[in-house]
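The structure appears below as structure tokens.
The values are calculated or read from the model by the stated rules, or taken from the named source; none is laboratory data. All of these numbers come straight from a predicted model, not from anything done at the bench. Methodologically, a virtual Cβ is constructed for each residue, glycine included, from the backbone with ideal geometry; neighbour enumeration extends over all protein chains shown. Each accessible area value is taken on the protein alone, full model and side chains, heavy atoms only, with ligands, DNA and RNA left out. Shrake-Rupley method; radii C 1.70, N 1.55, O 1.52, S 1.80 Å.
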Amino acid sequence: RDELVRRNRSLQAALSGSLAGEGRERGMGLFKVASLAFQRGASDATAYIAAFVHVFGNEAALVHLPELIALCPDAPKQADLGRAFDVFRAERLAERGAAVERSAAGVGTFGRGGRSNGWGRGGRRGGG
């Protein structure tokens, strides 16, 4: 039990620390409301993860949700969160993969030297 309390406090401190100054109190308040709604069955795991992401962002979700899920005392809710997190993580990884592919192909990015894919002013093909 002491270990769970320590881990919970550590997670709370990390989450609070990830929020900027004046937004910290508001963000932690929103997180607590979302947590209570999930615990009471007023929202499902997907909505809870969406609320978490709204407050803390995608990167913090990828880092901290596994610990939050591990600390969930309700086994069925823990399982629901685990499944919803697996979907969330897969979607984020797919987005990252697509962004890397677009970047490698030069789609929507600027090439070296500030040129847009070699076209236009200063590019190899557009003159300038």
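Side notes on the structure shown:
- In the range 1-10, the residue that is surrounded by the most Cβ atoms within 10 Å (Cβ to Cβ) out of those that are part of a helix (DSSP H, G or I) and free of Cβ contacts under 8 Å to residues at least 24 places away in the same chain is SER10.
- Only residues that are open to solvent by 60 Å² or more (accessible area, probe 1.4 Å), among the small types (Gly, Ala, Ser) and assigned to a helix (DSSP H, G or I) were counted in the range 11-49, giving 1.
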